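Asks: I have a structure I would like to understand better, so I am pasting it below and will then ask my questions one at a time.
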Amino acid sequence: MNHKNHIVSGYRLILGYIGLFLVLIGIITLLPLITIVFYPEEISIAKNFIIPGVISILLGFLLNKFTYGKEKHRLEKHQDVLLILFVWIIAIVVSAMPLVISGDYNFSQAVFESTSGYSTTGLSVVDVENTTQTLLMFRSLMQFFGGVGLVLVLTSAVSDKHGMRLYAAEGHNDKLVPNLIRSARLILSIYIGYILVGSVGYVIFGMTPFDAFNHAIASVSTGGFSTRTLSIGYYQSLGVEIITIILMLLGSTNLIIHLLLFRAKFKKAFNHVELKLLLVLSIIFIPIMIIFISKTTQTIDSSFRVGLFQFVSAITTTGFSNVDSFSGLPQFFNLSVIILMIIGGGIGSTAGGLKQYRVSLALKNFLWNLRNRISDEKTIHTNYITRFGKEVIIESEDVHSNNAHIFIYMVTLVIGTLIFASYGYSIEEALFEFSSALGTVGLSIGLITPQSPNVILWTTSVGMFLGRLEFYVVFIAITKLFMDIKDKKVQLND
């Protein structure tokens, strides 16, 4: 047989990769069954997870036959982003099935919940006080795997010489060591370490082990799913709030910064443009939020706790809350939260939003333009930005790409807000809710409920999906698929 027949490429290769991811998604769907060991009274719901989990694994093995035992060719241009799009859609649909099979949720609600989980948003239609512990664990696991990335998890277990393009396409720029598989395992080790330490801290301050583990996952993944309707506010504990703030900040910071801190390279770590912006935002917004929240609280202590906590929750796009509701808070406080949700966390972290790097670059570009207008025309300036302690030269192409991303983000924000407003909500309420969805935050002013119209649920789901994978990945993938269909390249023959 000709050696070329052993090389797999094109859409056969994509299907082979999808097979591997289907096995992973099936395992993720089965993992929450471990909870039943501790809550045996929930054995009756095991089938809700076993059916989609086993089907996903079996289908994955079948699709993997397209590449099993054969040499894999490199994915063609933009096929990596197309694969990422397929994988995330499949993960969301498969993970929605346990909710559908339970009979308690329709398809729109189930897809909404799984999208919120994998996108690490935290908006929910589940009554967390009256559902099973198994489902609560499943929601947390979705946030963990969605936060660190499906590609990263698979890479840590299966070495693949072509995996770097997939890794980058999923939104990672945090390759900590030259070897990809070692980098993936290191990242997982760091996240798991934070979760375990955070869980112990929560237990010390009064949480049950189950609540502690779920909240630690949700904090580090900047997901925000809580096991309590009142979120962190349920515990009324300063210790719990401090631990949550620390975990949220860790989750929203690029892991390269973590590695620099572990290696005692503090100057490089803190001489990073995103940390500088975070400091500036803290100086501006925390006092403002404390002042405005003081109008609704009794003491300076509670004003400080609410202002600081909600600042961190919004800027890290975690979505935990220590207030009963945002609907009765001062408008300027909620406006501050909206601005912070739009800005978001660090690029390459589990956080969402525009990302602090992009906002920093846009602000720098404004200052560069101002400098160029007032300086001598013959003067040549080099534009640079400091990343991880190093000065990186910024080309005009970088600025144009950054501006384009910000533009499409804001256009999408306006469209989503108008869709919400068309259902009778005020602009303020609509902007708050969709900013939270698009920024993958999870804070809510109360518009999202199990009774929300399907259009609202699907609009929010699309916003969360775009916010997690980011626009270019989705747009390029869809364009690539249509072009290949038009050119009749979508075929599975050898």
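Taken together, the values in this text are just the output of simple stated rules run on the coordinates, not laboratory data. From a predicted model like this one, the values you see are computed outputs, not experimental measurements. Ideal geometry is used to build each Cβ from the backbone, glycine not excepted, and the neighbour counts take in all protein chains shown.
Asks: Just subtract the alpha-carbon distance of V54 and N130 from 0.36 nm times their residue separation and send over the number in nm, one decimal.
Replies: 24.7 nm
Asks: Still on this structure, I have one more. Just add up the charged neighbours of Q356: K/R +1, D/E -1, any other residue whose Cβ is under 13 Å from the Cβ of Q356.
Replies: Charge balance in the 13 Å sphere: +4.
Asks: For the chain, take every pair of Cα atoms, bin their distances at 20 Å starting from 0, and report each bin as a whole percent.
Replies: Cα pair-distance distribution for the chain, in percent: 23, 57, 19, 1, 0.
Asks: Quick one: which residues, 5 or more positions from Y384 or on another chain, have an amide H under 5 Å from its amide H? H modelled 1.01 Å from N in the peptide plane, none for Pro or chain starts.
Replies: I394
Asks: Can you check what the Kirkwood hydrodynamic radius comes to for region 369-475, Cα pairs only, in Å to one decimal?
Replies: Across region 369-475, the inverse of the average 1/r is 16.4 Å.
Asks: Please give me the summed charge of the neighbours of I385: other residues whose Cβ is under 15 Å from its Cβ, Lys and Arg +1, Asp and Glu -1.
Replies: Overall, the nearby charge balance is +3.
Asks: Something else about it: Suppose each label sits 7 Å from its Cα in the direction of the beta carbon; what would the N454-Q236 distance come out to in nanometres?
Replies: Those two pseudo-labels are separated by 4.3 nm.
Asks: Right, here's the next one. In whole angstrom, how far apart do the alpha carbon centroids of region 277-298 and region 204-240 sit?
Replies: 23 Å
Asks: Next question, about the same structure. Below 8 Å between Cα atoms, with a sequence gap of 6+, how large is the relative contact order for region 381-474 in percent?
Replies: 22 percent
Asks: Points 7 angstrom from Cα along the Cβ direction at V392 and F205: gap in nanometres?
Replies: Placing both labels 7 Å beyond Cα along the Cβ direction yields 3.3 nm.
Asks: Okay, moving on. 222 nm [θ] for the chain, helices only, -39500 (n - 2.57) per DSSP H run of 4+, per residue, to 500?
Replies: Computed ellipticity for the chain at 222 nm equals -21000 deg cm²/dmol.
Asks: So which of K265/K355; K390/K480; K355/K390; K364/K390; K77/K364 end up more than 27 Å apart by C-alpha?
Replies: With Cα atoms farther than 27 Å apart: K390/K480; K77/K364.
Asks: While we're looking at this one, here's another question. Across region 312-370, what fraction of all alpha-carbon pairs, as a whole percent, falls in each successive 10 Å bin from zero upward?
Replies: For region 312-370, the binned pair fractions read 23, 41, 26, 9, 1 percent.
Asks: Show me the ranking of peptides 35-46, 17-28 by mean Cβ neighbours inside 10 Å, starting with the highest.
Replies: On the way: 35-46: 13.2, 17-28: 22.6.
Most protected by this proxy first, the peptides run 17-28, 35-46.
Asks: Let me ask another. I'd like the distance between the alpha-carbon centres of region 429-463 and region 65-144, rounded to an integer number of Å.
Replies: Value for the Cα centre distance between the two parts: 18 Å.
Asks: By the scheme Lys and Arg +1, Asp and Glu -1, what is the net charge of all other residues having a beta-carbon under 11 Å from that of L99?
Replies: With Lys, Arg at +1 and Asp, Glu at -1, the neighbours total -1.
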